[in-house]
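Chemist: Let me begin by handing over the structure; questions about it come next.
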Amino acid sequence: MTASIPFTKASACGNDFLIIDGMHAPADLLGFTRRICDRNMGVGADGVEWLFPAPDADIRARLVNADGSEAEISGNGTRCVAAHLVNERGGEQVVVRTGAGLKTCNLLRREGNAFEFETCMGEPQVGDEFSIKLAFGEVRGVPVSMGNPHFVVFVDGFNVGWQAEAAEIGKHHDFKYGINVEFVRIVSQQEIEVRFFERGVGETRSSGTGSCAAAVASIFTKKAQSPVMVDAVGGPQVVRWEGEVFLRGPAQLICRGEFFV
């Protein structure tokens, strides 16, 4: 009989994750994550949220990216975990211990397997805008930490090939451990449009912490005011900054299955 590992697949604005109970974690957890996240030979996902018991929360989520690297947190992934737990256990509030601390997800709405949550993402750390040198020239950005690192670059539009520029920024020697990159176009004081390039994944249709970082940088530089609608390829989310940052957005449970080991 072929051994298998059960999973649930979920998506938040097209940012997709596999949710797996840590009791099924294989010895080579990072290598297995790369295999199951492969979009041709695996199930396909931006990463895996491995779930473990936590004494101070409803669950502990260990996030491993599609390339096998670990990340502190995904705002969208945390929301997917919350949807999974509400579906399994019920309730209207889920506290998730992440690598960036405790995050509380409050259920706002549910229709079948579609959920909407607002998550308290904590207090951001914002630095002054600075320039870095790339192969083609200089680029200016605002550093923001949401428990994981971001570099927010304001643009007039999204040029063809922006992904190559974002990839170079993400691996720049100024960022010792790599960095998530957001390109932001200001639409109005209440709305921004964003493209995301994440560590260990590449371009993603959405990002929860990236949406927060983009909104915080826009508010910090007085280009926008809270709350901010963050438009991305995968759909909109709303970020408000009131000392702490609150992220509102959807999560969709897609399917369950078993992956043959």
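Chemist: Helix 75-89 versus the longest principal axis of the chain: what is the Cα-based angle in degrees, 0 to 90, to the nearest 10?
Modeler: Around 30 degrees separate the two axes.
Chemist: Right, next: So for the chain, taking the charge dipole from beta-carbon charges (+1 Lys/Arg, -1 Asp/Glu), which of Ala100, Val230, Ile5 sits furthest toward the positive end?
Modeler: Ile5
Chemist: Within the chain, what percent of beta bridges assigned by DSSP are antiparallel, to the nearest 5?
Modeler: Of all bridge pairs located within the chain, approximately 85 percent are antiparallel.
Chemist: Also, I was wondering about something else. Percentage of Cα-Cα pair distances in the chain greater than 25 Å, rounded to whole percent?
Modeler: That fraction is 41 percent.
Chemist: In the range 128-177, which chymotrypsin sites (Phe, Trp or Tyr not before Pro) are in a loop and have at most 12 other Cβ atoms within 10 Å, using DSSP for the loop call?
Modeler: Loop-located and lightly packed - Phe136, Tyr177.
Chemist: Tell me the net charge near Leu29. Cut-off is 15 Å between Cβ atoms, Leu29 excluded, with +1 for each Lys or Arg and -1 for each Asp or Glu.
Modeler: -1
Chemist: May I pose another question? Got a sec to turn the phi values of the range 110-123 into Karplus ³J(HN,Hα) couplings, 6.51 cos²θ - 1.76 cosθ + 1.60 with θ = phi - 60°, whole Hz, x for Gly and Pro?
Modeler: Ordered by residue, 3J(HN,Hα) equals 9, 9, x, 9, 9, 10, 9, 10, 10, 10, 7, 9, x, 8 Hz.
Chemist: Report, in debye and to the nearest 20, how large the dipole of the chain comes out about its Cα centre when Lys and Arg carry +1 and Asp and Glu carry -1 on their Cβ.
Modeler: Charge dipole, the chain, about its Cα centre: 200 debye, nearest 20.
Chemist: Less than 13 Å Cβ to Cβ from Lys103, Lys/Arg counted +1 and Asp/Glu -1: what total charge do the surrounding residues give?
Modeler: Combined, the nearby Lys, Arg, Asp and Glu give -4.
Chemist: Note down the magnitude of the dipole of the range 101-212 about its Cα centre, charges +1 on Lys and Arg C-beta and -1 on Asp and Glu C-beta and zero elsewhere, to the nearest 20 debye.
Modeler: Magnitude of the dipole: close to 320 debye.
Chemist: Give the angle, between 0 and 90 degrees and rounded to the nearest 10, that separates the Cα long axis of helix 208-220 from the longest principal axis of the Cα atoms of the chain.
Modeler: Taking the Cα atoms of the chain, the angle to 208-220 is about 20 degrees.
Chemist: When only the heavy atoms of the protein chains count and the probe is 1.4 Å, how do Glu244, Glu182 rank by accessible area, highest first?
Modeler: Reading off the accessible areas and sorting them downward yields Glu244, Glu182.
Chemist: Compute the length gained on full extension between Lys171 and Asn159: take 0.36 nm times their separation in residues and subtract their Cα-Cα distance, giving the result in nm to one decimal.
Modeler: 2.3 nm
Chemist: Which links in Lys133/Lys176; Lys171/Lys222; Lys133/Lys171 stretch past 23 Å when you go from one Cα to the other?
Modeler: Lys171/Lys222
Chemist: Here's another thing I want to ask about it. In nanometres, what is the gap between the two model label sites at Glu258 and Ile132, each 7 Å from Cα along Cα-to-Cβ?
Modeler: Each label point is offset 7 Å from its Cα along the Cβ direction, giving 4.5 nm.
The values are calculated or read from the model by the stated rules, or taken from the named source; none is laboratory data. Keep in mind that what you see is a predicted model, and the values were worked out from it rather than measured. Neighbour counts run over all protein chains shown; Cβ positions are idealised from the backbone, glycine included. Protein only, heavy atoms only, side chains kept; ligands, DNA and RNA dropped before computing areas. Shrake-Rupley method; radii C 1.70, N 1.55, O 1.52, S 1.80 Å.
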